[in-house]
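I have placed the structure first, in the form of structure tokens, so that the comments after it can refer back to it.
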Amino acid sequence: MHSEWVHKLDPYSRRALDEEDRALDVALRVEGDALDALKAAGLDVHSSAGPIVTGRVANREALARVAALPCVAEIQLSRPLREEK
Amino acid sequence: MDSKLDPRLRVLLDRRSTMTTREAARRVRVGVTDEDSVEVLLRTRGMPKGALEAHGASVHVVVEGAESIASVAVPASSLSALAGEEWVHEIEASRELFPELDLSIPECHANAVHSLAPSVRGRGVLVGIIDAGIDFKHKDFCNGDGTSRILLLWDQNAAAVANGSVPFGRVYTKADLDGVLKNKFGAPSVPHRDAGAHGTHVCGIAAGNGRAKNGKFVGVAPEADLLIVSAKGDGTLGQSNAAIAAYSWIVARAAELGRPVAINQSQGMNGGGHSGEAALEQAMDNLARLSGVVIVKSAGNEQQMRIHASGQLAQGQTKVVTFESGGSNVTDDIVEVWHDGADRISIAVQPPGAPAPTNFIAVGGTSKTKTSAKNEVNIVSTDDASNIGDVRTAIFISKGDADRIQPGKWRLHLRGDTIHGDGAFHAWIERSGEPRADEQAKFTEPSNDATISIPGTARRIITAGSFITRGDGSVGQISIFSSRGPTRYGLMKPELSAPGQMITSTRSSAANETAVPKIQSSYASMAGTSMAAPHVTGAAALLLQVNPKLNTTQAKQLLMRAARKTGFAAGAPDNTWGAGKLDVAEAVRLARTVVFPTITNVTVTGTAISWTTNVPTTAAVRFNTHQRRMLLGRSSGSLADLTLATQHRLDLAGRPPGTYFCEVLAFTADNWETLDDAGGRHHVVTV
């Protein structure tokens with residue numbers, strides 16, 4: 001049911017495809033100068049550190065557009081970090 | 001003469017006949033500084049110069065008066081003789097009310113550099129804290145004039161303002177905070193609070209100045225200025241994405257200010273490959289390359305949490321890995337299984353009481369099934385996960401149509417369909433956290449190794465374990481909770497260990513009194529590697545004061561070389577202690593003198609790499625035909641040249657044909673190291 005870009009998704013973002021459609025905070029590993037293409041595909045860019053770009057996509061459709069970009073190597077869903085006390 | 005000794009010291013001396021000084025001291029709650037020395041206070045009059053030292057004592061401070069008070073560490077074997085001196089009126093075991101009794105700072109020798117002339121207290125350096133919040137009104141984060149030491153506070157959970165400088169939340173400036181602190185008319189309100197108190201406590205360890213109690217509880221870098229990010233999340237949670245944004249923001253602001261920065265994060269998660277491949281870890285590693293940036297992360301508290309299991313499969317063999325679910329009705333139980341892509345391992349799940357497992361899911365496959373108890377089991381397998389050539393299979397167990405996940409033993413069946421690698425696999429259970437910490441799923445046959453929490457497995461950063469200076473367990477021993485390495489790719493973690501158990505530091509006034517009891521009204525005790533990491537972060541800030549150009553890798557070398565391998569840490573370096581116990585004074589001493597080699601003119605000619613160094617060095621090239629693995633520190637081979645010289649050439653001729661991604665290493669005669677991997681692009685050699 002999904003296209004070949006699905007292999008770029010980590011298990012958490014891949015699972016999100018089958019859940020209720022919602023905005024997703026994601027981290028991307030990109031190749032080359034990708035920011036303009038990412039924005040055009042619907043990523044609200046929050047930060048970039050070298051090849052790692054973070055941001056939010058509004059829904060599954062935008063996630064698919066972003067994932068399909070050749071400059072995108074991997075997408076990881078944002079996940080909880082817990083304090084270590 | 002023993003009548004001059006307080007009762008606890010007398011009991012301690014009595015018990016030394018049957019146990020070590022350290023153990024006797026622990027039992028009567030007397031501080032110790034090494035195997036035989038105890039922390040005491042002397043009431044004295046007319047003490048001759050050098051008299052304490054003659055008894056083998058190490059003097060911390062003497063408060064002069066008609067009757068002087070001396071804080072010293074003295075060998076237990078000298079106590080009776082010391083008590084016999086006429087100028088000694090009384091010897092008392094040190095207590096919590098005395099300035100030096102916050103044990104962790106003297107333990108890691110930070111006070112020794114605070115009192116140097118000129119002092120090394122973090123002046124000119126920034127400490128960045130990424131945590132759940134801060135009590136910015138706490139006096140320890142204010143200057144003597146009552147203004148804030150916090151230059152910028154990014155509250156990622158705050159309502160955004162129009163045309164804000166950040167993608168979410170809002171930034172409060174020092175002027176905003178000063179306005180509140182000084183009750184300035186018209187100053188904007190700053191509604192930020194730290195209800196959980198974790199961030200406030202962490203920040204106090206790294207950089208509190210002790211002003212709330214006249215210097216009784218001073219952090220490691222008390223004169224550093226602060227950049228604070230209150231991480232987006234819910235209470236005790238942060239979010240990995242927001243953490244990436246936080247790191248980028250702190251580094252950018254430090255660059256604008258033209259100042260070096262030491263950044264602390266005391267948060268983590270278990271799900272992932274534990275090889276540094278997570279996006280957050282990659283981002284941290286990228287920033288850790290920069291001059292003037294040092295990144296420190298807590299190792300995690302997972303050593304005894306039964307969250308890791310591992311094994312090895314032969315071709316056609318099936319193994320069962322069992323975990324016990326706590327039966328959550330809130331969050332999923334999530335297990336991740338990782339193995340080399342050369343092996344094809346299928347996985348099936350058998351719920352409690354089920355006669356057989358579900359269908360096996362092959363590499364790259366997915367499935368979603370309902371159990372007889374109406375729980376949902378979702379398996380998602382990813383080939384070449386994160387492009388590192390490994391297979392990642394995540395198993396999500398949710399309550400589905402039931403009211404909770406079925407508690408009991410769940411079995412993962414792993415079948416070696418094709419084994420062309422070593423057949424090894426690792427599995428981790430994701431942390432459940434609050435409010436269901438007591439429902440954390442656990443393996444029945446765990447391995448305590450490889451329990452470092454992510455992002456602590458990032459290659460370039462400094463990961464800190466915890467040892468005991470107070471609280472349960474033997475003083476000086478590693479904390480029972482402190483996560484152990486190595487990474488899945490075999491890199492040693494943690495890098496070193498620091499005090500992390502029952503540490504007294506700044507308490508947020510917004511904290512619940514029952515959950516976070518007050519000590520001296522403005523302080524509280526907490527335990528965890530969360531508390532160990534900021535000791536190291538503060539130490540890094542002091543190193544950056546001495547040498548503002550250091551990057552994380554260089555600071556790491558200094559801290560590891562300086563680490564003490566004494567007492568329980570005698571076996572270091574290892575994957576429990578790292579290099580040993582934090583020694584701030586020694587690291588600062590090294591930072592003043594060390595010259596790290598610089599590598600220039602790296603050239604690839606045919607199958608050979610050549611380069612130049614500024615000082616005579618020995619040389620090595622590490623390589624892998626898989627670039628992403630090389631980036632994470634997993635080499636498939638190496639070459640070395642042990643001749644000290646400033647020009648080197650190493651040739652990969654004779655290797656199997658292929659494209660080799662190489663990193664070049666230079667080692668001075670004193671073994672200080674520099675690594676050049678062309679900024680992560682690697683030097684590429686085709687054979």
Once amide hydrogens are built 1.01 Å from N within the peptide plane, the residues lying 5 or more places from B:SER453 or on another chain with amide H under 5 Å from its amide H are B:GLY300
Taking a straight Cα-to-Cα line shorter than 18 Å from B:LYS442, and setting aside same-chain lysines fewer than 8 residues away, one finds B:LYS319, B:LYS399, B:LYS409
So, over other residues within a Cβ distance under 14 Å of B:ASP641, counting Lys, Arg +1 and Asp, Glu -1, the net charge is +1
Between the alpha carbon centres of segment A:1-36 and segment B:630-674 the gap in Å comes to 37 Å
hull vol. (C-alpha, convex hull) per residue for segment B:274-346, Å³ -> 165 Å³
With 0.36 nm assigned to each residue of separation and the Cα-Cα distance removed, B:MET19 to B:THR607 gains 205.4 nm
FRET efficiency (B:ASP449, B:LYS565; Cβ distance; R0 30 Å; to 0.05) is 0.90
Computed D for segment A:6-77, Stokes-Einstein, Kirkwood radius over alpha-carbon pairs, 4 °C, 1.567 mPa s, to the nearest µm² per second, is 111 µm²/s
The extension gain from B:ALA187 to B:LEU675, computed as 0.36 nm times the residue separation minus the Cα-Cα distance, is 170.8 nm
Rg (one decimal) and Dmax (whole number) from the Cα set of the protein assembly as shown, in Å, equal 27.2, 89
Stretched fully, the stretch from B:SER638 through B:ARG411 gains (0.36 nm per residue minus C-alpha distance, one decimal, in nm) 77.7 nm
Summed over the other residues with a beta carbon less than 10 angstrom from that of B:THR607, with K and R at +1 and D and E at -1, the charge totals 0
In the structure shown, of B:LYS232/B:LYS374; A:LYS39/B:LYS297; A:LYS85/B:LYS581, the pairs separated by more than 23 angstrom at the C-alpha atoms are B:LYS232/B:LYS374; A:LYS39/B:LYS297
Protection proxy (average C-beta count within 10 Å per residue), highest first, orders B:440-452, B:142-154 as B:440-452, B:142-154
1/(1 + (r/R0)^6) with r = Cβ-Cβ of B:THR318 and B:ALA51, R0 = 60 Å, i.e. FRET efficiency to nearest 0.05, evaluates to 0.25
Only helices counted: for chain B, with every DSSP H run of 4 or more residues adding -39500 (n - 2.57) and the sum spread over all residues, [θ] at 222 nm is -5000 deg cm²/dmol
The answer for B:LEU652, listing residues at least 5 apart or on another chain whose modeled amide H is closer than 5 Å to its amide H, is B:ALA608, B:ILE609
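Can you tell me how segment B:461-618 classifies by the Cα gyration tensor, rounded, prolate or oblate, using a/c under 1.5 as the rounded cut?
Prolate shape, in that a/c is at least 1.5 and a/b is the bigger ratio.
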Per principal axis, largest first, the Cα atoms of chain B extend in Å by 81, 68, 67
Phi-derived 3J(HN,Hα) across segment A:33-50 with the Karplus relation (6.51, -1.76, 1.60, θ = phi - 60°), rounded Hz, x for Gly and Pro, is 7, 10, 4, 4, 5, 5, 5, 5, 7, x, 8, 7, 6, 9, 6, 9, 9, x
Eigenvalues of the alpha-carbon gyration tensor of segment B:243-383, times 5 and square-rooted, give semi-axes in Å, largest first, of 39, 18, 14
Excluding residues fewer than 8 positions from B:LYS182 in its own chain, the lysines with Cα under 26 Å of it are B:LYS137, B:LYS139, B:LYS174, B:LYS213, B:LYS216, B:LYS518
Relative contact order of segment A:6-77 (C-alpha contacts under 8 Å, at least 6 apart) in percent is 46 percent
Proxy exposure order for A:CYS71, B:CYS203, B:CYS662 (fewest C-beta within 10 Å first) is A:CYS71, B:CYS662, B:CYS203
With +1 at each Lys and Arg Cβ and -1 at each Asp and Glu Cβ, the charge dipole magnitude of segment B:418-478 around its Cα centre, to the nearest 20 debye, comes out at 320 debye
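Bear in mind these aren't lab numbers, they're just calculated from the coordinates by the rules spelled out. Please read these numbers as outputs of a predicted model, since none were measured by experiment. Cβ coordinates were reconstructed from backbone atoms using ideal geometry, including for glycine residues, and neighbour counts include every protein chain displayed.
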